[in-house]
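Asker: Before anything else, here's the structure in question.
Nothing in this text is a laboratory measurement; each read-out follows from the coordinates by a stated rule. Owing to the predicted nature of the structure, the values given are computational and were not obtained by experimental measurement. Here Cβ is always computed from backbone atoms with ideal geometry, including for glycine, and neighbour counts include all displayed protein chains.
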Amino acid sequence: MIPVSERAARIEYAIRDVVVPASELEAQGHEIIKLNIGDPIAYPGLPTPPHMIKAFQESLGRGETGYSPSYGLGVLRTAIADDECSKGWDCTSDDVYVCHGVTEALQLIFAATLEEGSKVLAPGPHYPPYMAYPQMFGAQTIEYNLKSDDGWKMDMADIESKMDDSVRLLVVINPNNPTGNVAGASEIDSLLAIAEKWPNCMVIADEIYDGLDFTGEQVSVASRSSKVPVLTLNGVSKVYYAPGWRIGYFAIHDPIGSMALVRDGLERLLRSRLCASTPAQMGYLTGLVDDRSWMDAYRKTVLNRRDLCLERISQIDGLEVQNPGGAFYMFVRLTDEKWAADDKAFVLELLHQEHVLVVHGSGFSPKKGAGHFRLVYLASEEVLADAFDRIEAFLIRSRDAID
């Protein structure tokens, strides 16, 4: 047997790993209620806006199917810079680099900043690539605590205790995936005050869900930083409802001029991998520069579905949840003793018995996510109601079996 590399064998991605048993059930003829993946296009009533699709198609029609510049189309970089400026910091087009989604942006940043012995400090629970990718470069991801009983706020004391000279990247996901918490200005300022003490540390600000903030508190990390270098991540996937286009970006905020070598390394990596999709960049451009009033109706739809889930969870014995302030996820706590001790077993049994697919919390952090499951609340209200009926029935049946 030809061996696989150790780095590949260690990779796990819980969000998609649970699809394997679900696909087996579908092959047997079962219909699955899928609440596992954060793809807004997979749910009704949230299509990619027609004017963006038209721009994509028109780009194809004009034959714009060749390579674009490695850092992204100039017109798109300018539009992104203008958008970032509107969030409160001085961003120029030269600070913006367009990637094949935020995932590629992360891979490039890790490749340019990490080496053997480096550390990434990321929230726990976290989006899986923050744990999976750093190890490919000999680095280690250390989780800092999110307060599960206090709206999943960042634990500043825990962050400070884990900082040292080896920490190259301090990650904030705002709004957060998987918990949905939103960090406001005071929280971000506290985080930056900690990072400022470590001159080799940069902040990754993953703000891909910034347009789905229901609290009014979300702020751009770069807009709050006068000394700490910040790498802002965003893109077309979530707020513009076009995840399959695979267009994201990182923008560099370098307030004291300490990132020249990192920027050079990132640009070398960008050139070596050619470019992102040209027509998809044109579709995103239209989303940025055209009227965005359509977002209000989409946001209202998402908020209504969130509120339905909160109401149903409050009525089910065995479940609790902190009210998510943004994104479209709920990180639900299992209070039933049997399932709190094995959230993955809960997810698999729920799938096999009731054909409802969610993601085990331990897939987002073996320790800090244990005893929870992540729910995507983008399905229609009818489907969500059906899913919660099935979850409640499953919990009642499992308790009766013990009694």
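Asker: In whole Hz and in residue order, list the ³J(HN,Hα) couplings for the stretch 150-166 that follow from phi through the Karplus curve 6.51 cos²θ - 1.76 cosθ + 1.60, θ = phi - 60°; x for Gly and Pro.
Answerer: 9, x, 6, 5, 5, 8, 5, 4, 5, 4, 4, 5, 9, 7, 7, 5, 7
Asker: While we're looking at this one, here's another question. Considering only DSSP beta bridges with both partners in the stretch 111-203, what is the antiparallel share in %, to the nearest 5?
Answerer: In the stretch 111-203, approximately 15 percent of DSSP beta bridges are antiparallel ones.
Asker: Mean shadow of the stretch 160-260, computed from the convex hull of its alpha carbons, in nm²?
Answerer: Reported value for the Cα convex hull: 7.0 nm².
Asker: Could you let me know the centre-to-centre spacing of the stretch 64-99 and the stretch 201-220, using Cα atoms, in angstrom?
Answerer: 18 Å
Asker: Pull up all non-local amide H partners of Val228: gap of 5 or more, or a different chain, and H-to-H distance under 5 Å with H placed in the peptide plane.
Answerer: none
Asker: Also: First measure r as the distance between the Cβ atoms of Ile53 and Ala132, then evaluate 1/(1 + (r/R0)^6) with R0 = 41 Å and state the FRET efficiency to the nearest 0.05.
Answerer: Here the calculated transfer efficiency is 0.80.
Asker: Still on this structure, please answer the following. What full-extension length gain, to one decimal in nm, is calculated for Gln140 and Thr65 as 0.36 nm per residue of separation minus the Cα-Cα distance?
Answerer: Gain on stretching Gln140 to Thr65: 23.1 nm.
Asker: Among DSSP bridges having both ends in the chain, what percentage is antiparallel? Round to the nearest 5.
Answerer: Expressed as a percentage, antiparallel bridges in the chain total about 55.
Asker: With a point put 7 Å past each Cα toward its Cβ, work out how far Glu160 is from Ala341 in nm, to one decimal.
Answerer: Computed distance between label sites Glu160 and Ala341 equals 3.8 nm.
Asker: Another one. For the chain, just run the numbers: alpha carbon Rg, then divide by 2.2 N^0.38 Å, N being how many residues it has.
Answerer: So the Cα radius of gyration is 0.99 times the expected 2.2 N^0.38 Å.
Asker: Going by C-beta contacts inside 10 Å, put Tyr144, Tyr67 in order with the fewest on the left.
Answerer: Least crowded to most crowded, the residues run Tyr67, Tyr144.
Asker: Next question. Translational diffusion coefficient of the stretch 50-289 at 4 °C, 1.567 mPa s, Stokes-Einstein with Kirkwood Rh over Cα pairs, in µm²/s as a whole number.
Answerer: D = 72 µm²/s.
Asker: Using only helices, what value at 222 nm comes out for the chain when you add -39,500 (n - 2.57) per DSSP H run of length 4 or more and divide by the total residues, to the nearest 500 deg cm²/dmol?
Answerer: Calculated mean residue ellipticity at 222 nm is -12000 deg cm²/dmol.
Asker: So for Phe394, Phe346, fewest C-beta neighbours within 10 Å to most, what's the order?
Answerer: In order of increasing Cβ crowding within 10 Å: Phe394, Phe346.
Asker: I'd like to know which of Ala393, Ile32, Cys201 lies farthest towards the positive end of the charge dipole of the chain, counting +1 on Cβ of Lys and Arg and -1 on Cβ of Asp and Glu.
Answerer: The listed residue farthest towards the positive side: Cys201.
Asker: Can you run phi through the Karplus equation (6.51, -1.76, 1.60; θ = phi - 60°) for the stretch 195-204 and list ³J(HN,Hα) in whole Hz, with x for Gly and Pro?
Answerer: Each residue of the stretch 195-204 in turn: 4, 4, 6, 10, x, 9, 9, 10, 9, 8 Hz.
Asker: So, one more: Over the stretch 50-289, what is the relative contact order in percent, taking alpha-carbon pairs closer than 8 angstrom and at least six residues apart?
Answerer: 28 percent
Asker: Right, next: May I ask you to compute the full-extension gain from Val289 to Ala185, defined as 0.36 nm times their residue separation minus their alpha-carbon distance, rounded to one decimal in nm?
Answerer: Contour length minus Cα-Cα distance gives 34.8 nm.
Asker: Next question. Which ³J(HN,Hα) values in Hz, rounded to whole numbers, follow from the phi angles of the stretch 341-357 under the Karplus curve 6.51 cos²θ - 1.76 cosθ + 1.60, where θ = phi - 60° and Gly and Pro get x?
Answerer: After applying 6.51 cos²θ - 1.76 cosθ + 1.60, I find 7, 7, 5, 5, 4, 4, 4, 5, 5, 4, 4, 6, 8, 10, 6, 10, 10 Hz.
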